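Below you'll find the structure, written out as structure tokens, and then a few comments.
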Amino acid sequence: MRFRRLAIAGMSAASFLGSGALVCMPTCNVFGQDTKVLEIPGFETSSTEGTDVVTLSIAPLDRLLPDITHMMRISGAGAQSGLITGAVNGYTSGIDRARPIGGFVKLSSAGLPMGVLALPISDLDEFLGGLELFGEAEDLGEGLYSMNLGPNTLFAQHKGDWLFVSTAEEALEGAPENPGSRIEKMAAKNDLMFEVNVQNIPDELVDLLTSQMRTGFEQAMEAQSGDLSDAEIEANRVQGEQAMKSLEEAITDTDRFVFGLGIHPKDKNMTIDFGAQMVEGSRYAKQLGSMKTMMSKLSGHISESNAISAKTMTLFAPEDAAQMQTSVDQGKKVLYSQIDDQIDNPAVSAKVKEYLDRLIKILTESSSEGAVEAAISVSIDPSLNAIAAFSLADGAKVEALAQDLANEATNAGAPISVKLMSGKHQGANLHNISVPLPYNADDKLRKIVGDDVKIAIATAPKAVYLSVGKTAETSLKSALDANAGDKKIAGVPARMRLSLSQILNFVQSIESNPVVDGMLSSLNNGEDMIMYDTQIIERGGVNRITIQDGVIKAAAGGARAGMAGQGGF
């Protein structure tokens with residue numbers, strides 16, 4: 001469950017996993033944008049053959065050091081970059097700077113990790129000579145060397161144009177003859193990349209890990225029991241047991257996990273790639289495979305020119321229905337118990353629970369369709385406006401619920417204006433709500449929303465849209481127009497775009513802040529986006545976080561401004 005949640009929601013690795021010896025499939029940019037492929041070198045070329053538990057690649061020094069220098073300069077630490085470059089150069093003479101460095105971790109017969117570092121060598125004598133400051137390497141014959149480094153002894157094996165280094169001599173016996181092909185592909189665009197081959201971890205260690213996790217769960221349950229009611233304890237236990245079973249299954253069903261970090265000066269960004277691939281024929285592999293044919297119900301374009309745009313699709317497998325219903329039932333018991341404690345009037349308490357029952361039923365019915373989508377978009381031009389959209393099994397039930405709630409508010413004399421069925425647009429029914437701010441509302445809040453909070457709602461047969469802001473209805477209609485324009489967009493687990501400059505400018509327009517000033521002053525060249533993309537691959541999923549250079553500059557500028565305000569410099 002942990003892996004899937006990562007891949008699908010905000011995704012990780014039990015249902016939204018990615019990696020492996022896979023061929024990446026094309027994915028669409030969520031809000032009706034052009035087709036894009038997450039090209040993550042190493043995912044499609046790494047191999048599960050052999051007994052390595054971890055494989056590591058580090059970019060060639062000729063690329064790695066300039067990338068590090070670039071990152072330090074844009075983060076305001078350019079003066080220190082020369083120290084790092086000098087230190088690295090001083091101890092890497094004799095290393096082939098055009099080839100990547102590799103690393104491999106195996107497990108000994110006793111289950112202990114044995115690491116091997118693979119160094120690309122151009123001149124062995126020159127490399128060993130550069131290490132004389134730490135000690136002299138002893139030639140043991142047949143290309144084997146040893147060196148005492150404090151209380152530890154390092155062993156090195158020279159094979160061809162590679163030097164394999166380890167603290168365990170036995171680990172060198174299984175060193176690959178030529179690791180170059182594998183790690184060169186992994187390091188093609190990543191400065192650092194590693195792959196964990198979960199299936200090469202002995203069952204005994206996996207069992208030990210899961211048993212320790214279960215022990216921790218039991219201890220946490222025991223620690224919480226004194227502060228919770230019996231209903232809450234039981235609900236937590238049921239949900240915890242289900243989560244533990246899902247997590248154990250996710251661990252045993254994971255084939256491999258991959259992580260990559262890349263610095264790209266030409267593209268002016270940094271990328272973080274991660275993903276996992278599940279075991280062939282496993283339940284999670286089948287569930288993820290089903291997403292490849294899923295089409296988006298919220299396929300419309302929520303403009304990426306906005307401050308924030310995001311979308312998720314969560315899968316609900318039929319075999320998970322019973323587990324989900326159990327969780328819902330337990331959650332309701334706790335929630336309804338709290339309602340009874342907080343509301344003294346039994347009639348009012350019963351009415352609140354009635355409406356909650358209807359809402360929960362709408363949500364559970366929607367999950368039975370196999371997937372639920374959610375999208376959000378926040379714009380600040382000409383004013384702050386937020387739109388949220390959700391796919392549902394039956395939008396008419398939401399409309400009926402809204403009608404009954406409006407009647408309740410009217411009968412109770414609530415100071416709100418409700419206009420149901422105020423119009424139609426793109427086949428959806430429109431509704432408008434206006435809630436006046438109290439006379440003593442904060443001036444900043446009044447500056448953002450005006451004297452009244454305007455809410456526009458659209459109920460479609462299979463979706464509901466909610467828009468809040470001064471331009472609520474206009475923005476809502478634009479979202480409906482975009483969604484009606486393209487009905488053949490493939491679903492993806494998650495996608496997000498965030499414009500830091502827009503958010504900072506909005507914050508600054510509400511109240512001046514020296515830290516925000518410092519961040520904005522560092523954004524004069526743009527490149528201010530934070531992006532998150534996911535895509536389904538064979539038996540798994542991959543994820544990429546892209547951080548443009550301007551974001552890093554802004555963070556550094558804000559930190560300097562904050563320290564200056566405190567007298568730091």
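The values are calculated or read from the model by the stated rules, or taken from the named source; none is laboratory data. As the structure is a prediction and not an experimental result, all values here were calculated from the model. Quick reminder, even Gly has a Cβ in these numbers, built from the backbone with ideal geometry, and neighbours come from all protein chains shown.
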Of the residues that make up the stretch 306-315, is at least one at pLDDT below 85 and of a type in the set (G, A, S)? no
Residues of the stretch 465-493 being crowded, with 23+ Cβ neighbours inside 10 Å, within 23 Å of F316 (Cα to Cα) and at pLDDT below 90, which ones? G491, V492, P493
Does any residue in the stretch 172-190 that is under 23 Å from M270 (Cα atoms) come within less than 6 Å, Cβ to Cβ, of a residue that is hydroxyl-bearing (S, T, Y) and surrounded by fewer than 20 Cβ atoms within 10 Å (Cβ to Cβ) six or more places away or on a different chain, and which pairs are these? K185/T45
I'd like the residue in the stretch 429-453 that is in a helix (DSSP H, G or I) and not charged (D, E, K, R) and, out of all such residues, is surrounded by the most Cβ atoms within 10 Å (Cβ to Cβ). V449
For the stretch 177-210, name all the residues that are within 25 Å of L247 (Cα to Cα), surrounded by fewer than 20 Cβ atoms within 10 Å (Cβ to Cβ) and of a type in the set (S, T, N, Q). Q199, N200, T210
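Here is a yes/no grid of residues against (1) over 17 Å from V196 (Cα atoms); (2) in a helix (DSSP H, G or I); (3) of a type in the set (V, I, T); (4) in contact (Cβ under 8 Å) with a residue 12 or more places away in the chain:
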| position | (1), (2), (3), (4) |
| --- | --- |
| T69 | yes, yes, yes, yes |
| A79 | yes, yes, no, no |
| S93 | yes, no, no, yes |
| R99 | yes, no, no, yes |
| G102 | no, no, no, yes |
| S109 | yes, no, no, no |
| P120 | yes, no, no, yes |
Which pairs turn up if I take residues in the stretch 137-159 that are at positive phi and look for partners that are at pLDDT 90 or above and polar (S, T, N, Q) with beta carbon separation below 9 Å, at least 6 apart in sequence or on another chain? E142/Q157; G143/Q157
Could you check, for the stretch 192-214, whether at least one of its residues is more than 30 Å from F257 (Cα to Cα) and part of a helix (DSSP H, G or I)? no
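Do we find a residue being surrounded by 15 or more Cβ atoms within 10 Å (Cβ to Cβ) and more than 28 Å from L288 (Cα to Cα) anywhere in the stretch 530-542?
So far as the stretch 530-542 goes, no, none of its residues is surrounded by 15 or more Cβ atoms within 10 Å (Cβ to Cβ) and more than 28 Å from L288 (Cα to Cα).
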